[in-house]
Each structure stands twice: as C-alpha cells, then as structure tokens.
1. Would you calculate a helix-derived [θ] at 222 nm for the chain, using -39,500 (n - 2.57) for each DSSP H run of n ≥ 4 and dividing by the full residue count, to the nearest 500?
2. Just to be sure I understand, if you calculate mean projected area of the Cα convex hull in nm² for this structure, which of (i) 6.7; (ii) 7.1; (iii) 8.1 do you get?
3. Counting other C-beta atoms within 10 Å, and keeping those with at most 15, which DSSP coil GluC sites (Glu not before Pro) do you find in region 1-105?
4. Quick check: pseudo-label points 7 Å beyond the Cα along Cα→Cβ at Asn108 and Lys61, how many nm apart are they?
5. Expressed as a whole percentage, what fraction of the accessible surface of the chain belongs to carbon and sulfur atoms when a 1.4 Å probe is rolled over the protein heavy atoms?
6. Relative contact order for the chain: what percent, with Cα pairs under 8 Å and sequence separation of 6 or more?
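The values are calculated or read from the model by the stated rules, or taken from the named source; none is laboratory data. These numbers come from a predicted model, not from an experiment. Heads up, the Cβs are rebuilt from the backbone with ideal geometry, glycines too, and the neighbour counts pull from every protein chain shown. Quick note on the areas: whole protein, heavy atoms, side chains included, nothing else; ligands and nucleic acids left out. Shrake-Rupley method; radii C 1.70, N 1.55, O 1.52, S 1.80 Å.
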Amino acid sequence: MAGRPKRYEVLLTQGAERDLESIYDYIAEFDGRANANDVLDRLMEAVEGLARFPERGSYPKELAVLGIKEYRQTQFNPYRLIYRVMGRQVVIYLIVDGRRDMQSLLANRLLGA
C-alpha cells in the first residue's frame, strides 16, 4: 500500500503577501468584504494545494519562450500564482491578476529587470 504523498512546505515571499493584500483590498473596496473574503479563501486553497502537488503546475509561457523553466504557475481565474519548487519547499513569488502585463511583472519581480 502506497503511503500518502509527502507534503511540501509552502512559503510566500513578501511580494506575494503584498499581492494578496492588494487583491483583497481592491475587491473589498469595489465588490464588498464578503466577496474579498471568498476570493482570498479560494486563493489560499490554491496555495495549500501546492503543498501536495507542486509539480502539477505549468510553466508560465512568458518565461518558457525565454527558455526559463524553473518557475511554475497554477491558476484560480483570473489569478495566477507563480512559484518555484526548491527541494521540499514551494516558494510563491507572485499572486496576480493574469490580465495584467505579465511580461513586465515577471521581468521585474523574478528576473530583476
């Protein structure tokens, strides 16, 4: 009988934590706190899902075209969570609305451009 899959430790960078706060604040202001709480809960479910299956995420196409395949993404539409698996840790770098200019966000946050 196979054992349960090992859990990864999921960490959010300060940038990802700020992203969550910004998303919550924006939704709370324009669509109410109840909706902001619902979106935050669902985003956190996506974050927790990475503790079990981090390899399931796809490569962000904006990075893959550059040959960069060390980052992965998972989505809760329209939001994208960009992360990296390092050993038994999953480090989340961005949690952003995928309708934004992802090329610039990824370049600034991940590639230091």
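1. Using -39500 (n - 2.57) per qualifying helix, the result is -13000 deg cm²/dmol.
2. Working out mean projected area of the Cα convex hull in nm² from the coordinates points to (iii).
3. Values: sites: Glu9, Glu17, Glu21, Glu29, Glu45, Glu48, Glu55, Glu62, Glu70; in loops: Glu70.
Passing sites in region 1-105 are Glu70.
4. Between Asn108 and Lys61, the simple spin-label model gives 2.2 nm.
5. 48
6. Computed over the chain, the figure is 29 percent.
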